[in-house]
Amino acid sequence: MKIAIQGERGSFSHEAALQFFPAGVEIVSCPLSAEVFECLAERKVDAAVLPIENSLAGPVVEHYDLLLAHDAAIEREGLLRIRHNLIGVPRATIEGLRRVISHPVALAQCRKHLHALKGVEIMPFYDTAGSVKHVLEQHDQTVAGIASIQAAREYGGDVLAADIEDNEENYTRFHVVRRSADCGAVWRVDKLANKMSLAFALENRPGSLVRALEKLAMVGADLTKIESRPVPGRPWEYIFYADFRYVDAAVAEKALVALVAHCSMVKELGRYRAA
């Protein structure tokens, strides 16, 4: 199977993809998330693995928008414990470091450890795995990157310090995304599916969101997340993204019917087993 990810090989998305598909996959790295969806649409890959939310940094809002804009759907969900590692070239030492680079989110999540590195310059980089790739290409023992253990394996780096994140409760929720036609059959046969993701737009009337959510509660849908995103070109109008749990497929169908009666647009983004 070919699995698309956004970012460099060795990223947390790469690690999550191997967790979903532990054997016999080819990872296709894409610089931009939009290219991931293009690869799916053009059948260059079988599926994609994308982060949708981090327990500390919050949602990856671009991926909500791309799911709505493309003929793609969520097939599976998984959680990855985010473990940040300080990675340098072979024979590098912490004492010899003069600079640490990584994605700004990773730097922010390792603030305590980085503060203890006296005299070391901290610089943002475009990607966690990309920072390690750059360090190994430069062969500079005074520079290290922060990334997953997968990045050290991918590029041959040495882990100078492991698990340097400030908060151990650091998880990212990932989705396996496929073309909608490929997901439809899976939804209907997976008897253990108990979660649905939806996108919907409300009619511009007072209390419309409250009424829509009340209808979901009345049919037995357990709302677990709701996110709003602005509609491009239409100031102060919003698309809502919601996840909810359900006990059986009948509840999911009733929830869809209930929302359609109160919304100007409803799109089902996937049914799957909750992680």
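Each reported figure results from applying straightforward, stated rules to the coordinates on display, with no laboratory input. Keep in mind that what you see is a predicted model, and the values were worked out from it rather than measured. Cβ coordinates were reconstructed from backbone atoms using ideal geometry, including for glycine residues, and neighbour counts include every protein chain displayed.
General remarks:
- Cα gyration tensor shape for the range 85-161, rounded if a/c is under 1.5, else prolate or oblate: oblate
- Scaled against the 2.2 N^0.38 Å expected of a compact globular protein of N residues, the Cα radius of gyration of the range 191-272 reads 1.06.
- Amide H partners (placed H, <5 Å) of LEU269, local residues excluded: SER197, LEU198, ALA199
- Of all beta bridges that DSSP places with both ends in the range 85-161, some 45 percent have antiparallel geometry.
- Cα-based radius of gyration of the chain once divided by 2.2 N^0.38 Å, which approximates compact folds: 1.12
- Choice from ALA147, ALA17, ALA249 with maximal GNM fluctuation in the chain (Cα, 10 Å cutoff): ALA249
- Percentage, to the nearest whole number, of Cα pairs in the range 1-104 over 19 Å apart: 49
- With K and R counted +1 and D and E -1, the other residues having a Cβ less than 13 Å from that of THR172 yield a net charge of -2.
- Length-normalised contact order of the chain in % [C-alpha pairs under 8 Å, at least 6 apart]: 23
- Take every DSSP beta bridge whose two residues both sit in the chain; close to 75 percent of them are antiparallel.
- Square roots of 5 times each gyration tensor eigenvalue, C-alpha, the range 200-240, largest first, Å: 22, 12, 6
- In this structure, the pairs whose alpha-carbon distance is over 30 Å, taken from LYS2/LYS254; LYS44/LYS133; LYS133/LYS267, are LYS2/LYS254; LYS133/LYS267.
- Residue-averaged 222 nm ellipticity for the chain, from DSSP H runs of 4+ at -39500 (n - 2.57), nearest 500: -9000 deg cm²/dmol
- If you wrap the tightest convex hull around every Cα atom of the range 90-213 and split its volume per residue, you get 211 Å³.
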